[in-house]
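The values are calculated or read from the model by the stated rules, or taken from the named source; none is laboratory data. Owing to the predicted nature of the structure, the values given are computational and were not obtained by experimental measurement. Please note: Cβ atoms are built from the backbone with ideal geometry, for glycine as well, and neighbour counts cover all protein chains shown.
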Amino acid sequence: MPDFFEIERLIEDLAKIYATACASTWFKLSRNLRPSKEEFRDKTVEFMNYFQFSLSKFPENEEGEKFRDYANKMLQAETKKVVDGNNKEVEKRYKYFVGWS
């Protein structure tokens, strides 16, 4: 398997850098300034899963398929951490968001 260091780091930080910011903004625009932890986690995961669109743009060949399988497994593992409340960055962002609003 080739080295996919860049994508591995991106998926590991996807919730922290991208998805929580999108979720927070979504709740602000929806005027829900006190979502439950589960709602916040679910919305974060929803935005994380949009990364699958980006993965679909990689080459349609055997190596591309192997890459997509690998990246999707990583994405599933990271989303499970979020849903289970085991992503420290998401939990910290949630506390900040509900404390701010």
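Filter the range 1-35 for residues that are assigned to a helix (DSSP H, G or I) and among the acidic types (D, E); which is surrounded by the fewest Cβ atoms within 10 Å (Cβ to Cβ)?
Per the stated criteria, the residue is E6.
For the structure I just gave you, tell me whether V83 is over 19 Å from I7 (Cβ atoms), in contact (Cβ under 8 Å) with a residue 12 or more places away in the chain and more than 17 Å from the chain's Cα centre (by Cα).
Against the criterion (over 19 Å from I7 (Cβ atoms), in contact (Cβ under 8 Å) with a residue 12 or more places away in the chain and more than 17 Å from the chain's Cα centre (by Cα)), V83 does not qualify.
What residue, of F5, F51, is touching a residue at least 24 places away in the same chain (Cβ under 8 Å) and of a type in the set (F, W, Y)?
F51
Considering only residues that are within 16 Å of E12 (Cα to Cα) and not hydroxyl-bearing (S, T, Y), which ones fall in the range 45-66? Steps first, answer last, please.
Residues of the range 45-66 that are within 16 Å of E12 (Cα to Cα), as a first pass: 45-52, 54-55.
The answer is V45, E46, F47, M48, N49, F51, Q52, L55.
In the range 42-50, is there at least one residue being of a type in the set (S, T, N, Q) and surrounded by fewer than 18 Cβ atoms within 10 Å (Cβ to Cβ)?
Within the range 42-50, one or more residues are of a type in the set (S, T, N, Q) and surrounded by fewer than 18 Cβ atoms within 10 Å (Cβ to Cβ).
Could you say which residue among E65, E38 is more than 30 Å from G99 (Cβ to Cβ), at pLDDT 95 or above and surrounded by fewer than 17 Cβ atoms within 10 Å (Cβ to Cβ)?
Only one candidate passes the filter, namely E65.
Please state which one of V45, V98 is within 10 Å of the chain's Cα centre (by Cα) and either farther than 24 Å from I7 by Cα or of a type outside the set (S, T, N, Q) (or both).
After ruling out the rest, the residue left standing is V45.
Could you please find all residues in the range 51-62 being surrounded by 14 or more Cβ atoms within 10 Å (Cβ to Cβ) and within 18 Å of A77 (Cα to Cα)?
If the condition is that a residue be surrounded by 14 or more Cβ atoms within 10 Å (Cβ to Cβ) and within 18 Å of A77 (Cα to Cα), then F51, L55 are the ones that fit.
May I ask you to say which residue of A77, A71 is touching a residue at least 40 places away in the same chain (Cβ under 8 Å) and either farther than 17 Å from E6 by Cα or part of a helix (DSSP H, G or I) (or both)?
A71
Collect the residues in the range 80-92 that are surrounded by 12 or more Cβ atoms within 10 Å (Cβ to Cβ), not in a helix (DSSP H, G or I) and not polar (S, T, N, Q), keeping them in residue-number order.
Residue satisfying the conditions is G85 alone.
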